[in-house]
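Structure, as structure tokens:
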Ligand code: ATP
């Protein structure tokens, strides 16, 4: 069997805000067709910036990919307009402003892609999120966090993505809701053959869903590997448990601490 093709290749990108603030440096990632890839890390690590660079939305934040390249299915996409990248099949579910709050659920879904194809695509969205059917006439501003996340992913599906980028799937949601979303994304990946890149602060959630993960800290990738490998990696376990001798540490501190234990302990 042929190895799955590389659908996304991020090569040593640097992202700069307002032409002066470097938020991401030397970040490289490879995503194969059909994979679920997680980007992990604490607040401010650069996960959202990386995802917005891939989707083209950094331009709207007065930022740019100032070095390196991003290729989607062999086409260079860094610093292209978000609508161009979306049209190529790369669709972002953003962390904030996920839905149009003053529009109903049905209007949100149709707004994702106005035009002839939107009705048949909307049917796909309702098929995967049947809870949204009874909420069709409700204004999105009145939805719960979980319903909002479903609507955001459903609206992204209307755009017929090949590569779905999800920024913070689980943030602020109850474990039961997160478990349901994980199941739904697995189904969507299996049945629609989507490739998914997921940004998560919650490593447990991310590594349950993902095949492969990258860990970011201070704008750089500090570790990557299969989800199995990351789950059993001692540094990651300590890092994400977050407490070593009662003190919260970052990944580098944990590494240093482990090294010193190897030497002296
Ligand atoms: P979080 O989970 O908190 O969103 P993150 O890993 O997604 O964290 P980013 O939001 O990508 O991290 O932020 C990375 C760095 O870029 C941070 O230092 C942040 O302050 C900076 N940054 C983000 N957005 C902007 C902006 N619009 N202008 C200037 N700096 C920014």
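The values are calculated or read from the model by the stated rules, or taken from the named source; none is laboratory data. Computed from a predicted structure; not experimentally measured. Neighbour counts are summed over all protein chains in view; Cβ atoms, including those assigned to glycine, are modelled from backbone coordinates with ideal geometry.
Could you list, ordered by first residue, the pairs with Cβ atoms under 7 Å in which the first is in segment 60-71 and at positive phi and the second is loosely packed, with under 15 Cβ neighbours inside 10 Å and assigned to a strand (DSSP E or B), at least 6 apart or interchain?
If the second residue must be loosely packed, with under 15 Cβ neighbours inside 10 Å and assigned to a strand (DSSP E or B), the pairs left are 68/12.
Check segment 244-255 and report whether any residue there is modelled with pLDDT of 90 or more, closer than 20 Å to residue 48 by Cβ and out of contact with any helix residue (DSSP H, G or I) (no Cβ under 6 Å at 6 or more places or on another chain).
no
Which of the residues belonging to segment 17-37 are more than 15 Å from residue 69 (Cβ to Cβ) and within 12 Å of the ligand (Cβ to nearest atom)?
If the condition is that a residue be more than 15 Å from residue 69 (Cβ to Cβ) and within 12 Å of the ligand (Cβ to nearest atom), then 17, 18, 19, 20, 21, 22, 23 are the ones that fit.
How many residues, within segment 160-185, are in contact (Cβ under 8 Å) with a residue 24 or more places away in the chain, part of a helix (DSSP H, G or I) and closer than 23 Å to residue 41 by Cβ?
5
If you scan segment 186-209, which residues turn out to be within 10 Å of residue 36 (Cβ to Cβ), away from the ligand (no atom under 16 Å from the Cβ) and not in a helix (DSSP H, G or I)?
194, 195, 196
Between a residue in segment 4-25 that is over 22 Å from residue 75 (Cα atoms) and any residue that is in a loop (DSSP other than H, G, I, E, B) and within 12 Å of the ligand (Cβ to nearest atom), which pairs come within a Cβ distance under 9 Å, given they are 6 or more apart or on different chains?
Correct list of pairs: 17/62; 18/62; 19/62; 22/219; 23/44; 23/46; 23/219.
Scanning segment 38-78 for residues that are in a loop (DSSP other than H, G, I, E, B) and surrounded by fewer than 17 Cβ atoms within 10 Å (Cβ to Cβ), which turns out farthest from the ligand (Cβ to nearest atom)?
74
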